[in-house]
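**Q** The structure under discussion is supplied below as structure tokens; questions concerning it will follow.
The values are calculated or read from the model by the stated rules, or taken from the named source; none is laboratory data. A quick note: this is a predicted structure, and the numbers were derived from the prediction, not measured. Don't worry about glycine lacking a Cβ; one is built from the backbone with ideal geometry, like all the others, and counts go over all protein chains shown. For the accessible areas, the whole protein counts, side chains as well, though only heavy atoms, and no ligand, DNA or RNA atoms are used. Shrake-Rupley method; radii C 1.70, N 1.55, O 1.52, S 1.80 Å.
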Amino acid sequence: MRLESISLKIAICIDQSSVGGVGTSTNILACGMRKAGHQADILTTNGKIGPEYERARRDGWPVKAICEGERWLWRRLQMVVSRLSEYDCVINNHSRETQLVTPAFPSNVVRISVIRSTSESAIDSARYNSNFYDAMVGISPEVTRLLRKATGIDRIKTIPNATTLKGGRFIALDKKLKLVYLGRLTDVDKNILLIPDIALACQSH
């Protein structure tokens, strides 16, 4: 049987449903997996689902709140282990509960962790249970470099944030450059001070 003919049941775990950067890229990833024939669910593991959960559901996101209303962490951990043990692959995309219970998953469950920030707290947190992941992913070369330095693990890959392409291709860089940034104005986790360098790099290619 060819690998592409195998349908996997995949859980992509996040803290709360958000239509911002993390949530949107997670939905793009899940939709791509579904288009490839897999069952991909976005699971929120926080007791508070967040104000944008219902909007995400209305917009057709495959998101499910598996710990809604549960205030006690130990109960959420039990719920997460029970639910995620039903999947073939678990991708921790920003879920504290998933990170904590990773060693408790059955041995046949593939475990993947995605790290999205260069902040010291994010990199330090990524070390927790890192030896139990089958793979780790940094969303930029710098995140990957910091992860390898902090964990001593080489099996870390760089996969940029998922984005949608109009017409199925990237915009040609020989056109007039228009650079737009949408996000928090912080340099610690967003590196906004790199924007001028990014603009110059785009113009020179």
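**Q** Quick check on this structure: which one of A11, A30, A40 is hydrophobic (A, V, I, L, M, F, W, C), in contact with an Asp or Glu (Cβ under 6 Å, 6 or more places away or on another chain) and either assigned to a strand (DSSP E or B) or free of Cβ contacts under 8 Å to residues at least 40 places away in the same chain (or both)? Talk me through it step by step, then tell me what you get.
**A** Details: A30 fails: in contact with an Asp or Glu (Cβ under 6 Å, 6 or more places away or on another chain); A40 fails: in contact with an Asp or Glu (Cβ under 6 Å, 6 or more places away or on another chain).
Within the list A11, A30, A40, the selection yields A11.
**Q** Kindly establish whether P51 is in contact with a Ser or Thr (Cβ under 7 Å, 6 or more places away or on another chain), open to solvent by 30 Å² or more (accessible area, probe 1.4 Å) and of a type outside the set (A, V, I, L, M). Show your work before the answer.
**A** Values: in contact with a Ser or Thr (Cβ under 7 Å, 6 or more places away or on another chain): no; open to solvent by 30 Å² or more (accessible area, probe 1.4 Å): yes; of a type outside the set (A, V, I, L, M): yes.
Judged against the criteria, P51 is not a match.
**Q** Okay, moving on. Could we say that D41 is closer than 21 Å to Q99 by Cα and touching a Phe, Trp or Tyr at 6+ places or on another chain (Cβ under 9 Å) here? Walk me through it before giving the result.
**A** Values: closer than 21 Å to Q99 by Cα: yes; touching a Phe, Trp or Tyr at 6+ places or on another chain (Cβ under 9 Å): yes.
So D41 passes the test.
**Q** Follow-up question, since we're still on this one. Applying the selection to segment 19-48, what residues are open to solvent by 30 Å² or more (accessible area, probe 1.4 Å), under 12 Å from the mean Cα position of the chain (by Cα) and polar (S, T, N, Q)?
**A** T24
**Q** Quick check on this structure: which one of Q16, Q78 is polar (S, T, N, Q), closer than 20 Å to T102 by Cβ, open to solvent by 30 Å² or more (accessible area, probe 1.4 Å) and over 17 Å from the mean Cα position of the chain (by Cα)? Explain how you work it out, then say what you get.
**A** Values: Q16 fails: over 17 Å from the mean Cα position of the chain (by Cα).
Only one candidate passes the filter, namely Q78.
**Q** Sticking with this one: Of the residues that sit in segment 54-75 and are assigned to a helix (DSSP H, G or I) and exposed (fewer than 11 other Cβ atoms within 10 Å of the Cβ), which one is modelled with the highest pLDDT?
**A** W74
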